[in-house]
Amino acid sequence: MKLKIIIFIFMGLIASSVSAHQQKMATTTVSFNHRVNNIEVMHKFYLHDAEHAVRDLFDPSADMLGSKATQDSFAEYVQTHFAIDVNGTKKLPLKFVGLELDGKYIWIYQETAIPKQVAELSISNGALQELWPAQLNLVNIEGKGELQSLLFSESDRWLKVSLAE
């Protein structure tokens with residue numbers, strides 16, 4: 001009986017690891033860096049997802065690994081699907097800093113100056129959701145009070161978070 005339970009658990013672990021990447025998900029960190037007075041934005045996508053996306057979005061023969069132009073196109077796409085609004089009145093001008101291929105991930109970096117008064121952020125993050133309705137985009141906000149997270153599903157356009165002053 002014990003052996004059957006162990007085999008069942010082992011098979012479950014194998015099945016979950018094989019399907020672990022079946023759910024599409026990306027993570028973005030919005031970090032208040034008070035040392036340099038910037039908000040730093042770091043988007044992390046699975047390279048595998050980005051490769052499929054550029055083929056669907058731009059060109060069936062697009063090459064994410066071998067083409068800097070394809071990488072830049074994907075970075076531009078991500079930037080057009082992400083926005084931050086401060087206190088419900090001001091959309092932040094996010095500047096593209098760069099991108100990086102890192103193992104099985106592609107990172108896209110943006111930054112902007114920290115506004116004088118920041119009590120609330122409204123964030124929009126719809127990257128890849130028009131391709132894959134099950135795409136989830138997690139946004140973590142850190143460096144301004146306690147860590148807070150927002151989870152964007154297909155139906156979410158803007159989500160809000162209140163910040164400590």
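The values are calculated or read from the model by the stated rules, or taken from the named source; none is laboratory data. Remember, predicted model here, so these are calculated numbers, not experimental data. Side chains are part of the model used for accessible areas, which takes the heavy atoms of the whole protein and leaves out ligands, DNA and RNA. Shrake-Rupley method; radii C 1.70, N 1.55, O 1.52, S 1.80 Å.
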- Members of the stretch 74-101 found to be charged (D, E, K, R) and modelled with pLDDT of 95 or more, listed by number: GLU76, ASP85, LYS95, GLU100
- What strands (runs of 3 or more DSSP E) lie completely within the stretch 38-111 and have 3 or more residues being open to solvent by less than 60 Å² (accessible area, probe 1.4 Å)? 38-46, 82-86
- Taking the stated definitions as given, is LYS24 within 26 Å of LEU121 (Cα to Cα) and at pLDDT below 95? yes
